[in-house]
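The values are calculated or read from the model by the stated rules, or taken from the named source; none is laboratory data. Treat the numbers as computed from the prediction; the structure is a model and nothing was measured. Neighbour counts are summed over all protein chains in view; Cβ atoms, including those assigned to glycine, are modelled from backbone coordinates with ideal geometry. Each accessible area value is taken on the protein alone, full model and side chains, heavy atoms only, with ligands, DNA and RNA left out. Shrake-Rupley method; radii C 1.70, N 1.55, O 1.52, S 1.80 Å.
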Amino acid sequence: GLGFNIVGGTDQQYIANDNSIYVSWIKKDGAAYLDGRLQEGDKILAINGKDLKDLRHKDAVELFRNAGYYVSLKIQRRLQPQNGPVGHGGDGESGGLPLAAILVPGLALAAAAVWILLRYRQRM
């Protein structure tokens with residue numbers, strides 16, 4: 001398969017009053033995971049040029065199953081809520097660098113620069 005699951009449709013709305021199809025899960029080492037562009041929570045607007053608007057869930061699944069070897073998806077990236085990621089990978093990893101990983105080296109560099117500047121001024 002394509003290495004991901006979908007949710008949604010006219011008969012199984014994932015979001016209230018929204019018939020859209022969404023990526024619910026991406027299989028580790030599957031085609032979508034290895035490609036790296038698709039993310040959990042993305043809305044899939046079309047597959048191979050076929051609009052997914054107002055389809056039943058099972059009809060959307062059929063389109064994905066019969067997509068062929070080369071697949072083109074038109075997606076809409078879902079904005080991440082302020083309180084965390086859309087999906088839960090279950091592996092305990094966060095989506096980005098911790099703030100300390102950026103601040104600590106930056107502060108150390110700034111402190112070293114100030115120390116060098118002060119030493120240089122004392123010698124003048």
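A few points about this structure:
- The equivalent ellipsoid of region 4-76 has semi-axes of 19, 14, 10 Å, largest first, where each one is the square root of 5 times an eigenvalue of the Cα gyration tensor.
- Sparse packing (at most 16 other Cβ atoms within 10 Å of the Cβ) combined with a DSSP loop state is found for the following trypsin sites (Lys or Arg not before Pro) in region 15-75: K27, K28, R37, K53, R56.
- FRET efficiency for the pair D29 and A110, taken as 1/(1 + (r/R0)^6) with r the Cβ-Cβ distance and R0 = 35 Å, rounds to 0.25.
- Within the accessible surface of region 20-79, defined with a 1.4 Å probe on protein heavy atoms only, the carbon and sulfur portion equals 49 percent.
- Computed over neighbours whose Cβ is under 9 Å from that of G3, the net charge equals 0, Lys and Arg +1, Asp and Glu -1.
- Loop-located chymotrypsin sites (Phe, Trp or Tyr not before Pro) in region 47-76 (DSSP state other than H, G, I, E, B) with a sparse environment of at most 15 neighbouring Cβ atoms within 10 Å: Y69, Y70.
- Overall, region 4-76 carries a charge dipole of about 120 debye about its Cα centre when +1 sits on the Cβ of Lys and Arg and -1 on the Cβ of Asp and Glu, all other atoms neutral.
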